[in-house]
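Working notes, structure below.
The values are calculated or read from the model by the stated rules, or taken from the named source; none is laboratory data. Keep in mind it's a predicted model, so treat the numbers as computed, not measured. No Cβ is skipped: glycine too gets one built from the backbone with ideal geometry, and neighbour counts run over all protein chains shown.
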Amino acid sequence: MKMMKQMVAAAALALLAGCNGYALVKPEQEVKIADAFSFKTTQEWNRLKQGDSDFWTLDGIGLQLMSVKAGIKDGEKIADHEKAAVYKNGMTTLELLEMIKTDLVATDQHNIEILDSRPIKSGGYDGFIAEYRFENKDGLEYKSLVRGIVHDDKLSLMRYSGLTDYYYNRGRSDVEQMMVSMQPL
Amino acid sequence: MWMKMKRLIAAGTALSVLSACVASTQPQQNALPTDGGQVSMPALDQLEPVEVNSTPELDVNYRPKVTTDEGGWWMKMDRYEESLQTHASLVRDEDLNAYVRGVLCRLAKDYCKDIRVYVVRKPGFNASMAPNGLMEVRTGLLLRVENEAQLATVLGHELAHYYKLHSIKNWRTQRNTLDAMAFLTLGTGIIGLGATIIALGGLSSYSRSNEAEADAVGLVLMDQAGYDPAEAAMLWGKVKREYAASKDADMRNSFFASHPEAQQREKTLDNHARWLKRNGPEREIAQAPLRQRLAPYLQSFLEDELAQGDFGALEVVLHDMEEAGRAPVLVAYFKGELYRKRGDEGDLEKARDSYLAAEEYAKERDVDAPSGLYRALGLISLKEGEQERARMNFEQYLQLAPDAHDAAFIRQMLEQIS
């Protein structure tokens, strides 16, 4: 929720400053992220670009949020908050999985549970996909689907989180398809 | 809670009522020697006599009128308490709550029924007391206390804030000071800025006197309850070393620190404790009951600390637990986890040695080592190019935890090795 709040605040600031606002992304559109990877959308999404990060939502970022961060290099943070975990070259997919959990803890999420996780290959590169369940500090339950790929010593991450069950489920199958279509460039 | 205090003072907001807290026990890092700061203690015949008025300034069953400022704060705290009761981090384990409450009641006696203790699953050394009798105790605090007397140190300190109405007194002082500041800063530029700094310093100074009084009253409460007050200085020494090793820069702000200066505090606590004990019988430390009650929770508490990534602070905590002979298998395992995740030069070797020590301790005691130990040893072996050793450790892990959530990852790595 802290992460959500930070993102809400970031989005609000961007709008106030007259910077990038939301853009509508049409279905079946190929989206390239930082020349690192691409994927195809499935339905209309609202997209907000903020620095190196991309935030996507259907109903509002407090309800469901997909963040996309590409080309994370050795020693760089995997998210835009102060206590974000740091990616290191040579991390195994298992260590990447641990890192995502650490990052959830750092954003004050509680009772984190890994519902499912498995290693994947994408375009010949190693990666992982995992689904988490957690509660924010107010006891609201969220689920999160995360897909990461390491290519050329850089990590690309797609993370989708939403309030269970309605808001999470509303975007989940679309996100899963987008994740499957995720290809390193 | 020091951070909270700082923000609240800056904003002059009402929530400062919550901030009479122990973690405020965080010292100023830049003022501390890295060796933990040996403090020379006076001989028994040179002890300064201690006069402490530990009488509560409120009656049992006290509740202020709602028409007063104090009544208003109680209502706010009551609402906060309602929200806390559904908080995800609240530890609902009845045994653990009953144990902490038991120690509190031994200190508070008749006032026990006026205090509600909430154990909150959060890392870090912290506890807090609200004026309406709401006490929060973090699991990170429970991890750090070595015995019941040290737990009583913190609970007694918090209780003293309640007895002495520190929160509301502090709030009134802040309100009056901020009113004065508003007057002084009217159209005065630099003079106004200077006045503001002086005024905020005054607030902080007032809070230091609260903390000193809470220390002194807390020791008397411990003593009266039969706990050894000497454990207070021991605990403070531990916390001081931990914060000196922490990466958290917020702890380094010395001007606004809300507690007495670190070394002076240790010296004062020791002096007071020896004065209280000068003629009296032996007091209790009660190490065994605390260790027994906390043993089932240590692994989850340590996981929470590890997830914070404050490796310097955790290293001190684990070192102290090791020195005290506490949970050797877990301590060695988490030292391994700390070094593996920190990944500084030489850390992989340290991690491997710690994991192997954990395995050895487990064999000696005929208990199970955490299954994650073999996964971690496999990962280290893989990084060191020792594929055969990695394979053996991963297979051992899968044997112990075939349904682990990461079993597919381990199997993939085994395939890659073969």
TODO: Could you list, in sequence order, all residues of the range B:89-117 that are more than 14 Å from chain A (Cβ to nearest Cβ) and touching a strand residue (DSSP E or B) at 6+ places or on another chain (Cβ under 7 Å)?
DONE: B:L96, B:N97, B:V100, B:R101, B:L104, B:I115, B:R116, B:V117
Open item on the list: I'd like the residue in the range B:363-401 that is among the charged types (D, E, K, R) and not in a helix (DSSP H, G or I) and, out of all such residues, is nearest to the other protein chains (Cβ to nearest Cβ).
Closed with: B:E384
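Quick check on A:N169: is it at pLDDT 85 or above and within 14 Å of chain B (Cβ to nearest Cβ)? Working first, answer last.
Working: at pLDDT 85 or above: yes; within 14 Å of chain B (Cβ to nearest Cβ): no.
No; evaluated as a whole, the condition is false for this residue.
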Task: Residue in the range A:88-100 that is polar (S, T, N, Q), out of contact with any helix residue (DSSP H, G or I) (no Cβ under 9 Å at 6 or more places or on another chain) and closer than 17 Å to A:L155 by Cβ present - done: yes
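Taking only the range A:132-145 into account, find how many residues are within 13 Å of chain B (Cβ to nearest Cβ) and either in a strand (DSSP E or B) or among the β-branched types (V, I, T) (or both). Break it down into steps so the answer makes sense when it comes.
Pass one, the range A:132-145, residues within 13 Å of chain B (Cβ to nearest Cβ): A:132-142.
Narrowing the set further to residues that are either in a strand (DSSP E or B) or among the β-branched types (V, I, T) (or both) leaves A:132-135, A:141-142.
Count: 6.
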- [ ] Might you let me know whether the range B:301-312 holds any residue that is modelled with pLDDT of 95 or more, in contact with a helix residue (DSSP H, G or I) (Cβ under 8 Å, 6 or more places away or on another chain), assigned to a helix (DSSP H, G or I) and of a type in the set (D, E, K, R)?
- [x] no
Task: Which numbered condition B:E345 misses (of (1) more than 19 Å from B:R389 (Cβ to Cβ); (2) out of contact with any helix residue (DSSP H, G or I) (no Cβ under 9 Å at 6 or more places or on another chain); (3) assigned to a helix (DSSP H, G or I); (4) not hydrophobic (A, V, I, L, M, F, W, C)) - done: (3)
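Against the definition (in a strand (DSSP E or B), away from chain B (no Cβ under 14 Å), buried (at least 16 other Cβ atoms within 10 Å of the Cβ) and not basic (K, R)), how does A:M178 come out, yes or no?
Numbers: in a strand (DSSP E or B): no; away from chain B (no Cβ under 14 Å): yes; buried (at least 16 other Cβ atoms within 10 Å of the Cβ): yes; not basic (K, R): yes.
It is false that A:M178 is in a strand (DSSP E or B), away from chain B (no Cβ under 14 Å), buried (at least 16 other Cβ atoms within 10 Å of the Cβ) and not basic (K, R).
Only one residue in B:D353, B:D344, B:D403 is without any contact (Cβ under 8 Å) to a residue 24 or more places away in the chain, loosely packed, with under 15 Cβ neighbours inside 10 Å and over 30 Å from B:R241 (Cβ atoms). Which one?
Numbers: B:D353 fails: over 30 Å from B:R241 (Cβ atoms); B:D344 fails: over 30 Å from B:R241 (Cβ atoms).
So the residue among B:D353, B:D344, B:D403 that is without any contact (Cβ under 8 Å) to a residue 24 or more places away in the chain, loosely packed, with under 15 Cβ neighbours inside 10 Å and over 30 Å from B:R241 (Cβ atoms) is B:D403.
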Task: Members of the range B:276-290 found to be on the phi < 0 side of the Ramachandran plot and touching a residue at least 60 places away in the same chain (Cβ under 8 Å), listed by number - done: B:L276, B:R278, B:R283, B:E284, B:I285, B:Q287, B:P289, B:L290
Task: Single unsatisfied condition, B:A404 versus (1) more than 11 Å from chain A (Cβ to nearest Cβ); (2) assigned to a loop (DSSP other than H, G, I, E, B) - done: (1)
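Got at least one residue in the range B:57-65 being at pLDDT below 90, closer than 22 Å to B:H157 by Cα and either surrounded by 12 or more Cβ atoms within 10 Å (Cβ to Cβ) or of a type outside the set (K, R) (or both)? Reasoning before the result, please.
Taking the range B:57-65 as the starting set, the residues that turn out to be at pLDDT below 90 are none.
Checking the range B:57-65: not a single residue is at pLDDT below 90, closer than 22 Å to B:H157 by Cα and either surrounded by 12 or more Cβ atoms within 10 Å (Cβ to Cβ) or of a type outside the set (K, R) (or both).
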